[in-house]
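I have placed the structure first, in the form of structure tokens, so that the comments after it can refer back to it.
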Amino acid sequence: MIAKEKMDELVKKYETESFISPDPVSIPHTFKDKKDIELAGFISSLVAYGSRKVFLKKLDELFKIAQNEPLNFILNFEPEILGDFNYRFGKTADFAEIFKILRTLYEKDGGLEELFKYGYNQAPDSDEKAGKMFQTVTDYFYSRVSSKAGQGFYFMIPDPKNGGAMKRMCMYLRWMVRKPPVDFGIWNFMPQSELLIPLDVHVARISREMGLLTRKQNDFKAVLELTENLKKFDAKDPAKYDFAMFGLGVDR
């Protein structure tokens, strides 16, 4: 297994402001208001798959439609404003369904922080507390979606019951909970120690090479195994090693 000293060295090297510009976290970094940041982050996380260059371009297009006012865009959302905006699995109707549900969430139920916080407080204390919280978030969206939604809706808002890695939701939660300079630290209802590693194919490959992951499937059990091993390096902030694994991939 790779040494803690090497991992900490990579974190120090890559967890800097220079990391932000080519990463989807750069989108919420363009906003100052808390609710604008959390909404921009959530929307950005929905499409953070595939080619980074392509999805960042699509996000730029989407936020131009929103006139760079995420909260105002959601509170006044009407499907017509999207035109024919789409991205890969996510068709126009799928984005419209998500944005309509977000409008309800912000009009009636406080917003994303309140939803995640409610899910966190309802989840029993265990290694899977974050996973149980994600289920509450997914259930909120699934219970309000219309028949107009297609495959893209369910891809962008995945169901934890299916056992997937929940990579984009883990990433979004890291953005909101961990402290700057890269992340925002604007949500305080849970400690950094309970964050889970966002597991994509690149992080999975690197973590296996490092001896940090033995499970062959890139699923939620792999996320838990990897996060537990990273807690041996830093029990208070295991998610910081997301930067180390990214960094090692870049170095190679």
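Every number in this text was worked out from the coordinates using simple rules, so none of it is lab data. Every value quoted in this text rests on a predicted model; they were computed, and no experiment measured them. Please note: Cβ atoms are built from the backbone with ideal geometry, for glycine as well, and neighbour counts cover all protein chains shown.
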Residue hits (segment 70-90; within 26 Å of GLU107 (Cβ to Cβ), of a type outside the set (S, T, N, Q) and out of contact with any helix residue (DSSP H, G or I) (no Cβ under 7 Å at 6 or more places or on another chain)) are PHE73, GLU78, GLU80, GLY83
The condition from (1) of a type in the set (Gly, Ala, Ser); (2) over 17 Å from GLY152 (Cβ atoms); (3) in contact with a Pro (Cβ under 6 Å, 6 or more places away or on another chain) that ALA48 misses is numbered (2)
For segment 15-42, the count of residues that are in contact with a Leu (Cβ under 7 Å, 6 or more places away or on another chain) and not charged (D, E, K, R) equals 4
Filter segment 131-156 for residues that are closer than 21 Å to GLU194 by Cα and touching a Phe, Trp or Tyr at 6+ places or on another chain (Cβ under 8 Å); the one that is surrounded by the most Cβ atoms within 10 Å (Cβ to Cβ) is MET133
With criteria (1) within 19 Å of the chain's Cα centre (by Cα); (2) farther than 26 Å from PHE134 by Cα, LYS12 comes up short on (1)
Restricted to segment 158-183 and to residues being surrounded by 21 or more Cβ atoms within 10 Å (Cβ to Cβ) and over 20 Å from TYR140 (Cβ atoms), the residue farthest from the chain's Cα centre (by Cα) is VAL182
Of the residues in segment 7-43, those that are free of Cβ contacts under 8 Å to residues at least 60 places away in the same chain, under 20 Å from LEU199 (Cα atoms) and in contact with a Pro (Cβ under 8 Å, 6 or more places away or on another chain) come to ILE43
For segment 1-30 the number of residues that are touching a helix residue (DSSP H, G or I) at 6+ places or on another chain (Cβ under 6 Å) and under 14 Å from ASP183 (Cβ atoms) is 8
